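Accompanying notes for the structure given below.
The values are calculated or read from the model by the stated rules, or taken from the named source; none is laboratory data. Please read these numbers as outputs of a predicted model, since none were measured by experiment. Every residue, glycine among them, receives a Cβ derived from its backbone with ideal geometry; neighbour counts consider all protein chains shown. Keep in mind that these areas ignore ligands, DNA and RNA; they rest on the heavy atoms of the full protein, side chains included. Shrake-Rupley method; radii C 1.70, N 1.55, O 1.52, S 1.80 Å.
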Amino acid sequence: AAIAPDKIHLITDKNSVNSSVCHVDDPLIVCQTTVSKQDIKESLNALLSLYPKAKIAAKRCVSTEMRQENLERQTNDYDLVVVLGSSTSNNTQRLFAMAKHRFSNATVWRVLSADELKQKPLDSYHRALVISGASSAASEVIAIKNVLKSYH
């Protein structure tokens, strides 16, 4: 938006869509890749109702979508959920928020590494779920699983 504030408009959700922002009838719509599928759908529907000739250039990152869908499909019988990834990563932040909402009876931690997880009190947990942000290394996921296995 700082590049061309008169031509680029940020829509944060369906409620921020209004016809006074855009003055063309066929805007180009680009979506942030880590927003939930439902949020994108609602915002796109609101935009397309105002701008039926709009062009949509991008939707979602496949890796991010797969992780979010996998998280939603999990049973709710975990007492610990570990989200692996950086606190500055949008997709990790979104996974963390989704996990806190989806597993409200579990402890949910976001960690950057297995070494960070080792510093946590793990003795009282019996069933853990590990999910990683899109940019987390597979070797770190394995290291996290090994830390958790060492407690049971």
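Quick notes
- Flag if Ala114 is at negative phi, in contact with a Phe, Trp or Tyr (Cβ under 9 Å, 6 or more places away or on another chain) and small (Gly, Ala, Ser): no
- Applying a threshold of 7 Å to beta carbon distances and a minimum spacing of six or more residues, or different chains, the list of pairs starting in the range 61-80 at a residue that is over 19 Å from Trp109 (Cα atoms) and ending at one that is open to solvent by 40 Å² or more (accessible area, probe 1.4 Å) and part of a helix (DSSP H, G or I) reads Glu65/Lys37.
- Members of the range 50-86 that are of a type in the set (Ser, Thr, Tyr) and under 25 Å from Arg127 (Cβ atoms): Thr75, Tyr78
- Among the strands (runs of 3 or more DSSP E) confined to the range 34-152, there are none with at least 1 residues that are open to solvent by less than 40 Å² (accessible area, probe 1.4 Å) and among the acidic types (Asp, Glu).
- Residues that are under 24 Å from the mean Cα position of the chain (by Cα) and at pLDDT below 80, drawn from the range 12-37: Thr12, Asp13, Cys31, Gln32, Thr33, Thr34, Val35, Ser36, Lys37
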